[in-house]
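Take a look at the structure below.
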Amino acid sequence: MSSVRDLLGVAFAGLTAKLTRTLLIMLGPIIGVSAIVAAVGLTESAKGDLQQTLAELGTNLIKAEAASSFGTQTPSFPEDVVVRVEALNTVEKASALINISGVVTSPYAAASSYYTAFPIPVIAADSAFLEVMDVGLVSGRWINSFDDSTAGRAAVIGSGLADEFAYIAGAERTILVGGFKYGVVGVMERITLEPNLDNAVVISPQAADRDFDTGIKATTLYVRSDPDHTLLTEEALPVAINLGSSEEVNTSVPTDALESAAAADTTLQAIVALMGGLALVVGGVGIANVMSISVIQRSAEIGIRRALGHGRGLIAWQFMLESIVVGLMGGIAGAGVGALVVAFVSRTKGWVVVLQPSLLVLGVVAAMAVSVVAGLYPSTKAARLEPLETLRLG
Amino acid sequence: MTTDHLLELDGVSRIYGEEVKVHALDKVSFSIDAGEFISIVGPSGSGKSTMLGLLGLLDLPSLGELRVTGKAVTELTDAERSRLRGDVVGFVFQQFHLIPYLDARRNVETALLYRGLTAARRREMAMDALDRIGLAERAGHRPVQLSGGEQQRVAIARAIVTDPLLILADEPTGALDSTNAANVMEIFRGLHSHERAVAIVTHDPAVAASAGRRITMRDGQIVADDLIPEGVS
């Protein structure tokens, strides 16, 4: 044990004797490990943020659209589509939407020509819409049965449209939808999974049918499934809707796009981590090179240590330990720098920092492993030096 | 074969080269006993360096037998030979060979490493050795901050700190001025005792004359082994 302590002391003394050189050869492990930690940490943090967003949104939202079937100009679902879909035991809730085309919406009459050129989407949605989309209202309320029973014209608008129309929360405001004055009763929160709805006007199916003769056949369906059976539910929807053939329903899971983005980041992560690994290997070559030169420069020291009774094994260990200490210190510093980069960038981007302690340990171990391999040649070379040749006796 | 000699060479040859063989030492036999003060003299190429390497266990004979405190050196492993060297021999070199990045005390302590000593005990022994050669107050100085004479005294402290049975010196005054050389030789005279032998390889007749026994070498052989009545022995 005391020999190990003595060896460590000798190794540290050798390294601190040429501090600048030691710090320079530490740069290899520092750059390599910090690149690996930063690459993995940043992509994990970005993914962690995405996963947090996904967890908040839920990955169990399925969108089904009536597809154009041969000979049908305006494809739509059957009237009782929600009942049919909710009959599936993996479906928690469904909401049907009607996309109303050819209706110009404008904040006031004089702006109609502009909004004819740049139309605002108008949809009719049932009362389950907010629950299924898992969004709330920024202000006001949703369209209720009272509005329909009294033939009132109530509309809820998206946040983007509220900004565009300079809508002040709580203000009594009407907008023109297809020439009819609709009172804005509420503003929806932003809908991350369907951002195009942020600029939409939502009215009730009854009002749509009454004013625009749309009928009550939905064109789009949003379904919340059992989170464990999203894929199964997505596959079962066309059959449940039963339009005659499954090709006439297009289904998608909006969060798939976000998950694909996360997968793309993994590829980038692998590339950057690989480059970090290469930097580590190059750093290892640097250690081997500098340590080999150091052995030549310190040949007299090696000779005198041998003359003082230090065996070849102890000389080999002395240089191996110097190499390992460089790898260890460089690895620790690199892990620290990498962690700081991850923390700094995550903070800048507003991400949650995801940094596994095992990643830091792995970085340090990798640096040490490289330094062990790098130290093999110089330590063997040092041990093989003959003291008679280095001490120049006689 | 058992022996009472501290060190014994029995028909030792040291041959270099594979195809063209060079006999640096040729069937040399002699012994060193505790308490002797020996000088080894001879012209360049006479085999002094080879002899020093063998006496210091830094080299092995090609032929013959070298025994140290009765142990046949050729039968030892490298680690055992290193340990024996550290225990039995203390070296002093012409060029001092101090480790440049260590101060005087830590240079002396280098000889005490890997012996199971605590750092405090090592420090105490090193300071004691430096005190014996009058350099305790320079313990914290690095070699570059010391004069040649002081560096050689630090090297002597390093050689004696393990209390070896044999001190081997290679031209210890070769790099010193006459005053420092005289001081160093005075220290050497004080080092040899009934238990310890001192062997100095030198070109300097004055240094050789101060020894009690002079071994003269030529062409790899001992040509004279004289006792010097006025020497310290």
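The values are calculated or read from the model by the stated rules, or taken from the named source; none is laboratory data. Remember, it's a predicted structure, so these values are computed and weren't measured experimentally. Positions of Cβ are generated from backbone atoms using ideal geometry, with glycine treated the same way; all protein chains shown enter the neighbour counts.
Could you identify the single residue in A:Thr192, A:Thr174 that is farther than 25 Å from A:Ala64 by Cα and of a type in the set (Val, Ile, Thr)?
Step by step, each of A:Thr192, A:Thr174 is checked, and only A:Thr174 is farther than 25 Å from A:Ala64 by Cα and of a type in the set (Val, Ile, Thr).
All but one of (1) within 12 Å of another protein chain (Cβ to nearest Cβ); (2) touching a residue at least 40 places away in the same chain (Cβ under 8 Å); (3) surrounded by fewer than 17 Cβ atoms within 10 Å (Cβ to Cβ) hold for B:Ala155; which doesn't?
Among (1) within 12 Å of another protein chain (Cβ to nearest Cβ); (2) touching a residue at least 40 places away in the same chain (Cβ under 8 Å); (3) surrounded by fewer than 17 Cβ atoms within 10 Å (Cβ to Cβ), B:Ala155 violates only (3).
Exactly one condition in (1) modelled with pLDDT under 90; (2) crowded, with 24+ Cβ neighbours inside 10 Å is false for A:Gly334; which is it?
That leaves (1) as the condition not met.
Kindly establish whether A:Phe146 is over 26 Å from A:Ala109 (Cβ atoms) and touching a strand residue (DSSP E or B) at 6+ places or on another chain (Cβ under 7 Å). Lay out the reasoning, then the answer.
Numbers: over 26 Å from A:Ala109 (Cβ atoms): yes; touching a strand residue (DSSP E or B) at 6+ places or on another chain (Cβ under 7 Å): no.
Considered against the rule, which asks whether it is over 26 Å from A:Ala109 (Cβ atoms) and touching a strand residue (DSSP E or B) at 6+ places or on another chain (Cβ under 7 Å), A:Phe146 comes out as no.
Out of all the residues in segment A:351-358, is one or more more than 14 Å from chain B (Cβ to nearest Cβ), in a helix (DSSP H, G or I) and buried (at least 18 other Cβ atoms within 10 Å of the Cβ)? Before the answer, list the steps.
We begin by selecting, within segment A:351-358, every residue more than 14 Å from chain B (Cβ to nearest Cβ); these are A:351-358.
Among the residues that remain, those that are also in a helix (DSSP H, G or I) are: A:357-358.
Among the residues that remain, those that are also buried (at least 18 other Cβ atoms within 10 Å of the Cβ) are: none.
Among the residues of segment A:351-358, not one is more than 14 Å from chain B (Cβ to nearest Cβ), in a helix (DSSP H, G or I) and buried (at least 18 other Cβ atoms within 10 Å of the Cβ), which makes the answer no.
Determine which member of the set B:Thr162, B:Thr173 is among the hydroxyl-bearing types (Ser, Thr, Tyr) and buried (at least 22 other Cβ atoms within 10 Å of the Cβ).
Numbers: B:Thr162 fails: buried (at least 22 other Cβ atoms within 10 Å of the Cβ).
Unique residue meeting the criteria: B:Thr173.
Being over 39 Å from the mean Cα position of the chain (by Cα) and over 17 Å from A:Ala154 (Cβ atoms): is that true of A:Asp213 here?
Numbers: over 39 Å from the mean Cα position of the chain (by Cα): yes; over 17 Å from A:Ala154 (Cβ atoms): yes.
Judged against the criteria, A:Asp213 is a match.
Given the condition in a loop (DSSP other than H, G, I, E, B), touching a residue at least 40 places away in the same chain (Cβ under 8 Å) and over 18 Å from A:Leu24 (Cα atoms), answer yes or no: does some residue in segment A:328-350 qualify?
Step one: of segment A:328-350, the residues in a loop (DSSP other than H, G, I, E, B) are A:350.
Filter again for touching a residue at least 40 places away in the same chain (Cβ under 8 Å), leaving A:350.
Remaining after also requiring over 18 Å from A:Leu24 (Cα atoms): A:350.
Yes; the residues of segment A:328-350 include at least one that is in a loop (DSSP other than H, G, I, E, B), touching a residue at least 40 places away in the same chain (Cβ under 8 Å) and over 18 Å from A:Leu24 (Cα atoms).
Residues in segment A:56-68: is at least one at negative phi, small (Gly, Ala, Ser), touching a residue at least 40 places away in the same chain (Cβ under 8 Å) and assigned to a helix (DSSP H, G or I)?
No, every residue in segment A:56-68 fails to be at negative phi, small (Gly, Ala, Ser), touching a residue at least 40 places away in the same chain (Cβ under 8 Å) and assigned to a helix (DSSP H, G or I).
Kindly establish whether A:Leu376 is under 30 Å from A:Val272 (Cβ atoms), crowded, with 19+ Cβ neighbours inside 10 Å and either more than 18 Å from the chain's Cα centre (by Cα) or within 14 Å of another protein chain (Cβ to nearest Cβ) (or both). Give the derivation first.
On the way: under 30 Å from A:Val272 (Cβ atoms): yes; crowded, with 19+ Cβ neighbours inside 10 Å: no; either more than 18 Å from the chain's Cα centre (by Cα) or within 14 Å of another protein chain (Cβ to nearest Cβ) (or both): yes.
So A:Leu376 does not fit the description; no.
Under the condition of being within 17 Å of B:Gly116 (Cα to Cα) and not aliphatic (A, V, I, L, M), which residue from segment A:307-316 is nearest to the other protein chains (Cβ to nearest Cβ)?
Selected residue: A:Gly309.
For segment B:107-132: of the residues being surrounded by fewer than 19 Cβ atoms within 10 Å (Cβ to Cβ) and at the interface with another protein chain (Cβ under 9 Å from one of its Cβ atoms), which is farthest from B:Val144 (Cα to Cα)?
Only one residue tops the list, namely B:Gly116.
Any idea how many residues of segment B:85-97 are without any contact (Cβ under 8 Å) to a residue 60 or more places away in the chain and either more than 20 Å from the chain's Cα centre (by Cα) or more than 8 Å from every other protein chain (Cβ to nearest Cβ) (or both)?
Initially, segment B:85-97 is screened for residues without any contact (Cβ under 8 Å) to a residue 60 or more places away in the chain, giving B:85, B:97.
Restricting the remaining residues to those that are either more than 20 Å from the chain's Cα centre (by Cα) or more than 8 Å from every other protein chain (Cβ to nearest Cβ) (or both) gives none.
So the answer is 0.
Condition first: more than 15 Å from A:Asn196 (Cβ to Cβ) and either touching a residue at least 12 places away in the same chain (Cβ under 8 Å) or of a type in the set (D, E, K, R) (or both). Now tell me which residues in segment A:147-161 satisfy that. It would help to see each step written out before you state the result.
As a first pass, look at segment A:147-161 and keep what is more than 15 Å from A:Asn196 (Cβ to Cβ): A:147-156.
Within segment A:147-161, A:Asp147, A:Asp148, A:Ala151, A:Gly152, A:Arg153, A:Ala154, A:Ala155, A:Val156 qualify.
Do the conditions hold for A:Leu388, that is, is it in a helix (DSSP H, G or I), more than 30 Å from B:Gly47 (Cβ to Cβ) and either of a type in the set (A, V, I, L, M, F, W, C) or at pLDDT below 95 (or both)? Outline the logic, then answer.
Numbers: in a helix (DSSP H, G or I): yes; more than 30 Å from B:Gly47 (Cβ to Cβ): no; either of a type in the set (A, V, I, L, M, F, W, C) or at pLDDT below 95 (or both): yes.
Answer is no for this residue.
Just for strands (runs of 3 or more DSSP E) wholly inside segment B:6-80: which have at least 2 residues that are surrounded by 15 or more Cβ atoms within 10 Å (Cβ to Cβ) and facing chain A (nearest Cβ under 10 Å)? Step through it out loud before you land on a result.
Working: elements: B:7-16, B:22-32, B:37-41, B:63-68.
Qualifying strands (runs of 3 or more DSSP E): none found.
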